[in-house]
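The values are calculated or read from the model by the stated rules, or taken from the named source; none is laboratory data. For clarity, every value in this text was computed on a predicted model and none was experimentally measured. For neighbour counting, all protein chains shown are included, and Cβ atoms are generated from backbone atoms with ideal geometry for every residue, glycine included. For the accessible areas, the whole protein counts, side chains as well, though only heavy atoms, and no ligand, DNA or RNA atoms are used. Shrake-Rupley method; radii C 1.70, N 1.55, O 1.52, S 1.80 Å.
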Amino acid sequence: AENESELLEMCAAAEIEVENLNNSEERIVDLSKEVDKQLHEIGKAAQVLSDKRKVAGEKLATAVEQELVHLSMSGTRFVVEFETEPDEKGAFVGEQRLAFDQTGFDKVQFLLSTNPGEPLKPMAKVASGGETARLMLALKTALAQVDETPTLIFDEIDQGIGGRVGDVVGQKLWGLTAVGEHQVIVVTHLPQLAGYGDTHFRVSKQVVDGRTKTAVTSLDREGRINELAAMLGTNDHHARGGAQSILHQAYVVKKQSMNNE
């Protein structure tokens, strides 16, 4: 009975295959029409997505440029560029056929000009280390409530900025934890920035038995005052007073921000 059943299944499958072969030309026509229909639908959906992206791109560019003014990069132009690629077998978009994938037909890149009069170039080819860190901070601040990246790490973000801007950068970094609910890890030598950390670690190196070892120490309030004073250049009572002032300023800003929420 088992063999008979298998033979009947094989016979039914063979009949279907013969039917498909006999009607292959009609089947190809039907499939071609279906592919054509799907490519038109993909083109319409991708165009809707592209239109929304362009509106969001303009908003993002404006927000990033505003953030960069606060980060001592005024005059910087930030542009979200959209490009498409023709493809004779691509999706139908108006009178064109465009290459596409699961994200649509847009090819997007961020363009940047850090000085007035300079042409826009891809961000990765223009920005220095410190500028890149500040650009990322501006982007993350603009996207704080929609970016799901849990942990953000900033290194060299204090490059080329002074204490006054450092305080602004510190506020914005802390804001990413308060508004965007990110964990933010910052490597810095700028005390005005370090004062905004909820936890402060000192990283030091020492040679033990001919080998260099790195130690990471969590600091209490007194330890933070000493470290911030050292970052200010000395450890006398003037520097300690400055360190205490930095911590107090950060405390006030954090408290006001939390009360406003």
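Accessible area per residue for the chain in Å², computed with a 1.4 Å probe and the full protein assembly in place, what is it?
Numbers: 17040 Å² over 261 residues.
In whole numbers, the chain has 65 Å² accessible per residue.
Binning at 5 Å from 0, report for the stretch 114-261 what percent of all alpha-carbon pair distances ends up in each bin.
2, 9, 16, 18, 19, 15, 10, 7, 4, 1, 0, 0
Restricted to Cα positions, what overall size does the stretch 77-201 have along the principal axes? Three whole-Å values, descending.
The principal-axis extents, from largest down, are 58, 35, 18 Å.
Before anything else, pin down the relative contact order of the stretch 1-145: Cα pairs under 8 Å, at least 6 apart, normalised by residue count, whole percent.
20 percent
Taking H placed 1.01 Å from N in the peptide plane, check which residues at least 5 places from PHE154 or on another chain put their amide H under 5 Å from its amide H.
Those lying under 5 Å, H to H, from PHE154 are ILE185, VAL186, VAL187.
So what are the ³J(HN,Hα) numbers for the stretch 159-168, from phi and the Karplus equation (6.51, -1.76, 1.60; θ = phi - 60°), rounded to whole Hz, Gly and Pro as x?
5, x, 10, x, x, 5, 5, x, 5, 5
Provide, in order from the shortest bin, the percent of all Cα-Cα pairs of the stretch 68-137 in each 5 Å bin, continuing until the bin that contains the maximum pair distance.
All Cα pairs considered, the percentages come to 4, 15, 21, 16, 10, 10, 10, 9, 4, 0.
In percent, how large is the relative contact order of the chain, given Cα pairs closer than 8 Å and 6 or more residues apart?
On the way: 301 pairs, mean separation 28.9, N = 261.
Relative contact order for the chain comes out at 11 percent.
Of the residues ALA250, ALA91, ALA142, which exhibits the maximal mean-square fluctuation in a Gaussian network model of the chain defined by a 10 Å Cα contact cut-off?
Its mean-square fluctuation being the largest, the pick is ALA91.
For the stretch 1-149, what are the per-bin percents of Cα-Cα distances with bins 10 Å wide, up to the bin holding the maximum?
10, 24, 20, 16, 10, 9, 8, 3, 0
Let me know the volume per residue of the alpha-carbon convex hull for the chain, in Å³.
Working: hull volume 78.3 nm³, N = 261.
Dividing the Cα hull volume of the chain by its residue count gives 300 Å³.
How large is log10 I(q)/I(0) at q = 0.15, 0.27 Å⁻¹ when the Debye formula is applied to the Cα atoms of the stretch 182-261, each weighted equally and without solvent?
-0.60, -1.29
How much length is gained if the chain between ASN23 and MET258 is pulled fully straight, taking 0.36 nm per residue apart and subtracting their Cα-Cα distance, in nm to one decimal?
On the way: separation 235, 0.36 × 235 = 84.60 nm, distance 7.13 nm.
Result: 77.5 nm gained on full extension.
Relative contact order for the stretch 76-192: what is it in percent, counting Cα pairs under 8 Å that are at least 6 residues apart? Walk me through the numbers before you get to the answer.
On the way: 156 pairs, mean separation 23.0, N = 117.
Relative contact order of the stretch 76-192: 20 percent.
Once neighbouring chains are kept in place and the probe is 1.4 Å, which whole percent of the accessible area of the stretch 66-206 is contributed by carbon and sulfur? The partial results should precede the final answer.
Working: 3860 of 7910 Å².
Within the stretch 66-206, the accessible surface is 49 percent carbon and sulfur.
Can you tell me the mean projection area, over all orientations, of the convex hull of the stretch 1-58's alpha carbons? Units nm², please. Mind showing how you got there, number by number?
On the way: hull surface 27.3 nm².
Seen from a random direction, the Cα hull of the stretch 1-58 projects 6.8 nm² on average.
Viscosity 1.306 mPa s, temperature 10 °C: what is the translational diffusion coefficient of the stretch 160-205 from Stokes-Einstein with a Kirkwood Rh over Cα pairs, rounded to a whole number of µm²/s?
Taking Rh from Cα pairs, D becomes 144 µm²/s.
Applying the Karplus parametrisation 6.51 cos²θ - 1.76 cosθ + 1.60 with θ = phi - 60° to the phi angles of the stretch 143-151, what ³J(HN,Hα) value in whole Hz is obtained for each residue in order, glycine and proline being reported as x?
After applying 6.51 cos²θ - 1.76 cosθ + 1.60, I find 10, 3, 8, 10, 7, 9, 5, x, 10 Hz.
To the nearest 10 degrees, how steep is helix 221-232 against the longest Cα principal axis of the chain, on a 0 to 90 scale?
Roughly 90 degrees, rounded to the nearest 10.
With angles folded into 0 to 90 degrees, how steeply does helix 129-142 sit against the dominant principal axis of the chain? Use alpha carbons for both and round to 10.
On a 0 to 90 degree scale, this one is about 70.
Please identify, among SER128, SER24, SER50, the residue showing maximal mean-square fluctuation in a Gaussian network model of the chain using a 10 angstrom Cα cutoff.
Result for the chain, Cα springs under 10 Å: SER24 fluctuates most.
Highest mean first, what order results for 69-77, 116-124 on Cβ atoms within 10 Å? It would help to have the intermediate numbers written out before the result.
On the way: 69-77: 17.3, 116-124: 11.6.
Highest-to-lowest ranking by the protection proxy: 69-77, 116-124.
Please give the peptides 147-158, 187-198 ranked by average Cβ packing (other Cβ atoms within 10 Å per residue), highest first, as a rough proxy for protection. Kindly include the intermediate steps, with their values, before the conclusion.
On the way: 147-158: 15.2, 187-198: 21.3.
Per-residue mean Cβ counts within 10 Å order the peptides as 187-198, 147-158.
So if I restrict to the alpha-carbon atoms in the stretch 119-161, what is the Rg, and what is Dmax, the biggest pairwise distance, in Å?
Considering the stretch 119-161 through its Cα atoms, Rg and Dmax are 11.5, 34 Å.
Compare LYS52, LYS213, LYS37 in a GNM of the chain, Cα atoms joined below 10 Å, and give the one with the largest fluctuation.
LYS213
I'd like the orientation of helix 24-70 relative to the chain: the angle between its Cα long axis and the longest Cα principal axis, in ° from 0 to 90, rounded to 10.
That works out to roughly 10 degrees.
5 Å is the cut-off here: which amide hydrogens, built 1.01 Å from N in the peptide plane, fall below it relative to ASP106, excluding neighbours closer than 5 in sequence?
Here nothing satisfies the definition.
Amide H neighbours of VAL93 under 5 Å, at least 5 residues apart or on other chains, H built in the peptide plane: list them.
LEU98
Below 12 angstrom from the Cβ of ARG224, what's the summed charge of the other residues (Lys, Arg +1; Asp, Glu -1)? Provide the component values of the computation, followed by the final result.
Details: positive: ARG202, ARG221, ARG240; negative: ASP198, ASP220, GLU222, GLU227.
Overall, the nearby charge balance is -1.
Would you tell me the accessible area of PHE82, worked out with a 1.4 angstrom probe on the heavy atoms of the protein chains, in Å² to the nearest 10?
My reading of the accessible area for PHE82 is about 50 Å².
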